[in-house]
Amino acid sequence: MNVGFIGLGHMGAGMAANLLRAGHEVHEVTVYNHTPSRARPLVELGARAAARVRDACRGDAVITMLADDAAVEEVVFGDDGVIGVLREGAIHVSMSTISVALSERLAAMHVKAGQRFVAAPVFGRPDAAAAAKLFIVAAGAPDGVDACGPLFEAMGQRTFRVGEEPKAANLVKLSGNFLIASVIEALGEALALVGKAGVDRRQYLEFLTSTLFTAPVYKTYGGQIVEQKFEPAGFAAPLGAKDIRLALAAAETLRVAMPLASLLRDRFLTLLARGGDALDWSAIGQLAAQDAGLGDGS
């Protein structure tokens, strides 16, 4: 299988590297990034560098792993974009976290062009991407998802199929990020409460994550809040804000009230208004401590 990979950011670089390591299933990997220098480490591993988007769309499948709707639209619908170049029957695998509305549009446009479209957003931070430990949520026509199986096996530890409509995978991804942000906010508030009372926050977190809340999300983000480790950002605050906004947009379309998501939107706006653009999205977990008069949240 010959594959193109577009988007070599914190997540995409590790994912593309794992495709290169799966040489028995993936014969050739062509990579493209808006900043060409991001492709050099992958070229050293055996990838071909594409000078244009179209040059990454000549194989059996092309994967996009981009920051937001605007970036995906530019790559797919722009001059010499994916839609105009991908051959009939080939597959566009969108692994970006995008809106449900854009996923619907992509599915319709690919069908019109005689191409296949699979939505396969991922759960996991950059370290999981590099270690091929991502959880992948896939949706699309069964033949398309089946064909992508070797790709998903190379990049992740498990793939969950959630239906034949690609937008279902995007909705699941947005709902998952809403839940993670909710955990971050709740942890921040609880840590501010006990911290202001003089309880050692590290001991408190050890208690929580050793008893009632043993899930990795509590350990990972609780540790970041306690240690104030928000830089470098594994997932930047503006992207977290974007995902909550997209979750709310989907909720409005479906007429589902999400009051907690509205609160999270405001928390992200507060963080960004205070200059938190370069911080990890877990930095919303320090806002409660700041509001409680604990300075930097420690």
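Here E206 and K133 are evaluated by their C-beta separation; at R0 = 22 Å the FRET efficiency comes out at 0.35. Specify the inter-centroid distance of region 124-145 and region 154-227, based on alpha-carbon positions, in whole Å. Between the Cα centres of region 124-145 and region 154-227 lies a distance of 19 Å.
Shape class for region 2-164: rounded, because the ratio a/c of the largest to smallest gyration tensor axis (alpha-carbon atoms, square roots of eigenvalues) is under 1.5. Phi angles across region 245-254 convert, under the Karplus curve 6.51 cos²θ - 1.76 cosθ + 1.60 with θ = phi - 60°, into 3J(HN,Hα) values of 4, 5, 5, 5, 5, 5, 5, 5, 4, 8 Hz, Gly and Pro given as x.
So what's the gap between the Cα centers of region 29-58 and region 247-298, to the nearest angstrom? One Cα centre to the other: 36 Å.
Residue exposure proxy: M15, M95, M1, ordered by other Cβ atoms within 10 angstrom of their Cβ from fewest to most, comes out as M1, M15, M95. Averaging the sequence gap over all C-alpha pairs within less than 8 Å and six or more residues apart, then dividing by the number of residues, gives region 2-164 a relative contact order of 21 percent.
For region 96-126, the residues whose backbone nitrogen is under 16 Å from a point 7 Å from the Cα of D146, taken along Cα to Cβ, are 116-118.
With a Förster radius of 51 Å applied to the C-beta separation of A292 and H27, the computed FRET efficiency comes to 0.35. Projected label points at A278 and A51, each 7 Å from Cα along the beta carbon direction, are separated by 3.5 nanometres. From least to most packed, judged by other beta carbons within 10 angstrom and beginning with the fewest, R52, R125 follow the order R52, R125.
Just so you know, all these numbers are worked out from the coordinates, no wet-lab data involved. All values derive from a computational prediction rather than experimental measurement. Backbone-built Cβ (ideal geometry, glycine too); neighbour counts: all protein chains shown.
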